[in-house]
Protein chains: 2
Amino acid sequence: MSTPDAADRELTVALLGGGTVGSQVARILRENADDLAARAGARLRLTGVAVRDAGRAREGVDPDLVTTDAAALAAGGADVVVELMGGIEPARSLILTAMRAGSSVVTANKALVAEDGATLHAAAEENGVDLYYEASVAGAIPLLRPLRESLAGDKVRRVLGIVNGTTNFILTKMDEEGADYAEVLAEAQALGYAEADPTADVEGHDAAAKAAILAGLAFHTRVRLSDVTFEGITRVSAQDVAAARDMGFVIKLLAVAELSPDESGLVVRVHPTMVPRTHPLAGVRGAFNAVFVEAEAAGQVMFYGRGAGGAPTASAVLGDIVAAARNRVSGTRGPGESTYADLEVLPIGAAVTRYYVNLHVADRPGVLAAVAQAFADHDVSIQNVRQDGKGEEAGLVVRTHTARDSALSATIEALRSMDAVRSVVGVMRVEGEEGR
Amino acid sequence: MSTPDAADRELTVALLGGGTVGSQVARILRENADDLAARAGARLRLTGVAVRDAGRAREGVDPDLVTTDAAALAAGGADVVVELMGGIEPARSLILTAMRAGSSVVTANKALVAEDGATLHAAAEENGVDLYYEASVAGAIPLLRPLRESLAGDKVRRVLGIVNGTTNFILTKMDEEGADYAEVLAEAQALGYAEADPTADVEGHDAAAKAAILAGLAFHTRVRLSDVTFEGITRVSAQDVAAARDMGFVIKLLAVAELSPDESGLVVRVHPTMVPRTHPLAGVRGAFNAVFVEAEAAGQVMFYGRGAGGAPTASAVLGDIVAAARNRVSGTRGPGESTYADLEVLPIGAAVTRYYVNLHVADRPGVLAAVAQAFADHDVSIQNVRQDGKGEEAGLVVRTHTARDSALSATIEALRSMDAVRSVVGVMRVEGEEGR
């Protein structure tokens, strides 16, 4: 009933990029052609796949469709152009070329959307075409549409996401096996869960790009990668993981986007975080991703699934292709960029959070009092202290109540300079406890 | 940019029903008016709230807007009519009246959508209006839009849902406290998690309606409540829960919709199910809901959140109101019903599943062989057996490999008639194990 002329109508699709995701998209376009036609209201015909090396055979891709001339394919006026090359250039120029030629664009390019989404959105608006990028965050997990549409009547307060599979794989292994970071990284590389150069993942850069995109959607504000404070997992030690476990917590690399307490602004940050084991995010293991949303009316909502991989990412890309095609068939456009709220993106110091602090201190009278005073001096209230004497040195683990992040980090500075504090062994933010 | 004239344009909203959800919808329409206007592209003005008893004060609802004449309000031509009365009639007639008057309709009425969604969809089509019903399944959890749109390029194979908060609350308590069903039901009633007459929840009727809606969306097929085989939790004993726990499982009331092995049809069923504790659904506790989707390309995806309650349900309703309003502003309609696949809905006997069977048998030689033979006679392969002698009687717990449900239930019949089998103490389906 909703697809009266699917068999008569045909729309064209061009792929820029024929790697793991691209070849899966090509395969599904062919294998699921009838289903896709019924859902899109038109048959979807692949007109070309632009690749760097035309010589390499690609499973699922008709060799006749392969071209190395990405610019010509982008300019060819396909109904939907799918950009799967990654990186800023030439991806951006090709997308703009495609839009000027009247093509709707689907992209999985988180780096580009996070860095210069504004340019892409403006070009889509100007040329009356669609821009979809569901696959850019958390692979197969439907996120952008739920955030942008399903929660459109609600007020999002926080988004907590595990959005990088590599680091979650590593942290899960460290938790399960008590192993050290370097050891597990090597294992992850051997298994293909981490790249030979893992920097973008383990330093938090990849998660920061996704945090920017999520924050923009959730808070109707333009958020750029440069607005996000981020820290990776390279300094997380087996000792931190064990301490977390002892306290009933697990360490996750979280992307956090939240309203400031007075609702005047946003803070967007990525860092290793202690999460209670009872929190739904604690159960997200291995290479899985999940995004946890706290909204005023909806309460807590979580989306879970595979964050990467050829087929999962292709699933998200295909969903967007169908949406763009459906809009063509009905002569409309999907919702454009929504940045009306235009909140200020504040520095991480404005965040309100809790800290876990692990200190080695001199084991003599007055030290605990001095340490407690350092917290009090910065208006940071202590939730919990655990002290273990070990001869002339004592271990001291402090968990704080919520305070401004700037006050918490100033406290750490003060502790570092104290005579009685031999070393600050570990500092980590804590999220997801009751009452936050 | 996307909302150039939000301040100039006004759309009207009429509420049929002023109960818990309705008053939350009215409150949010008022309190979040500016945000909603920016997102919908028009200001949303509440024009009336139809209630049964006009005398009762309703928090958040302007008394001047309250009317007892639902028919007049439905016929009044509001841009969006929101039906929150529940039940089949007069809800259906009022929705049809509203559509004929040119109103788009948002409803949270699972019973009506499951029983006669076809009539509503046809009327929406005929009158060129929208029909949205996100709130009808799993309250605040965005589900219908992700299933219908985000996964539109993929092929869903199974949907496993915890879609009834009352029964999940009861089963969670039974698991946590080892308590009996009757005891926990009384507690749930005292806390307001179960109604005075809990039949619709505990007998699986409510979950079955939601299963029908989910199955229809996931498989592009019209599924009616009468197509769903369902069984509630009233026969789940503390003993079953303990046995599940011993084996590393937890019992959940699952709504299952899946392709038959040859993909020619669908099976839709609701029943108590043993789920491994390592499965993401096992961690869904208390009154929370979750829906787990297995799709060919996406792999495993899960949606989690509050399934009921005034504010969570209102969040879903508002999302739909904004979508319907946005379509009005841009002069389009959202995607209509998609039933092109038109799969046959098969009886539960066609399902492929695993069983857990708990037997009391005579403790004498040859009994295990006879029991094993009964399974073999029906081509059911045994995965695992545990026998505990207790004097002249033995406890025998059998877990099977996958087999057709009809073969499994025939096996149970055969066991019941065997001399050596004193009683069949527990039988339960098992889902979510590796390899299924």
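Compute the long axis of helix B:91-100 from its Cα atoms, compare it with the longest principal axis of the Cα atoms of chain B, and write down the angle in degrees, 0 to 90, nearest 10.
40 degrees
Listed here are the pairs A:K210/B:K110; B:K252/B:K390; A:K210/B:K252; A:K110/A:K252; A:K252/B:K155; which of them are more than 25 Å apart at the Cα?
Those over the limit are A:K210/B:K110; B:K252/B:K390; A:K210/B:K252; A:K252/B:K155.
Can you sort B:E134, A:E296, A:E59 from fewest to most other Cβ atoms within 10 Å of each residue's own Cβ?
Listing B:E134, A:E296, A:E59 from fewest to most nearby Cβ atoms yields A:E59, A:E296, B:E134.
Could you tell me whether the range A:144-305 comes out rounded, prolate or oblate from its Cα gyration tensor? Rule is a ≥ b ≥ c as square roots of the eigenvalues, rounded for a/c under 1.5, then prolate if a/b exceeds b/c, otherwise oblate.
prolate
Report, for A:D377, each distance to the same residue's label point in the other copies, shortest first and in nm; define the point 7 Å along Cα→Cβ.
From this label point to the equivalent ones elsewhere in the assembly: 8.3 nm.
If a/c stays under 1.5 just call it rounded; otherwise compare a/b with b/c (prolate if a/b is bigger, oblate if not). Do that for the range A:51-171, with a ≥ b ≥ c from the square roots of the Cα gyration tensor eigenvalues.
Since a/c reaches 1.5 but b/c is at least a/b, the shape of the range A:51-171 is classed as oblate.
Could you tell me the relative contact order of chain A? Use alpha-carbon pairs under 8 Å, at least six residues apart, and round to a whole percent.
Details: 948 pairs, mean separation 67.7, N = 436.
Relative contact order comes out at 16 percent.
Write down the percent of antiparallel bridges among all DSSP beta bridges whose residues are both part of the protein assembly as shown, to the nearest 5.
Bridges in the protein assembly as shown that DSSP calls antiparallel: roughly 70 percent.
Classify the range B:199-278: rounded, prolate or oblate, from the alpha-carbon gyration tensor (a ≥ b ≥ c, eigenvalue square roots; a/c under 1.5 rounded; otherwise prolate if a/b is larger than b/c)? Don't skip to the end; give the middle numbers.
On the way: a/c = 3.00, a/b = 1.62, b/c = 1.85.
The shape class here is oblate.
Please compute the modelled spin-label separation between A:R364 and A:T332, points set 7 Å along Cα→Cβ, answer in nm with one decimal.
Using points 7 Å along Cα→Cβ, the separation is 7.5 nm.
I need the inter-copy label distances for A:A54: point set 7 Å along Cα to C-beta, values in nm with one decimal, smallest first.
Spelled out, the distances from A:A54's label point are 7.7 nm.
In what sequence do B:M418, A:M302, A:M428 fall when counting other Cβ within 10 Å, fewest first?
Numbers: B:M418 17, A:M302 25, A:M428 21.
Fewest-to-most ranking of B:M418, A:M302, A:M428: B:M418, A:M428, A:M302.
Given a Förster radius of 60 Å and the C-beta distance between A:S409 and B:S226 as r, what FRET efficiency does 1/(1 + (r/R0)^6) yield to the nearest 0.05?
FRET efficiency, A:S409 to B:S226: 0.45.
Between B:E59 and B:E195, what's the calculated FRET efficiency when r is the beta-carbon distance and R0 is 30 Å? Round to 0.05.
That pair, B:E59 with B:E195, gives E of 0.90.
Can you list, shortest first and in nm, the gaps between the label point of A:R235 and those of its counterparts in the other copies, using a point 7 Å from Cα in the C-beta direction?
Distances to the matching label points in the other copies: 6.0 nm.
Just grab the label-to-label distance for B:D388 and B:A72, each label 7 Å out from Cα along the Cβ direction, in nm (one decimal).
6.8 nm
With everything on Cα atoms, drop me the angle between helix B:20-31 and the longest principal axis of chain B, reported from 0 to 90° to the nearest 10.
Once rounded, the angle reads 40 degrees.
Helix B:310-329: angle to the longest alpha-carbon principal axis of chain B, degrees 0 to 90, nearest 10?
50 degrees
Values in this text are rule-based calculations from the coordinates and carry no lab data. For clarity, every value in this text was computed on a predicted model and none was experimentally measured. Don't worry about glycine lacking a Cβ; one is built from the backbone with ideal geometry, like all the others, and counts go over all protein chains shown.
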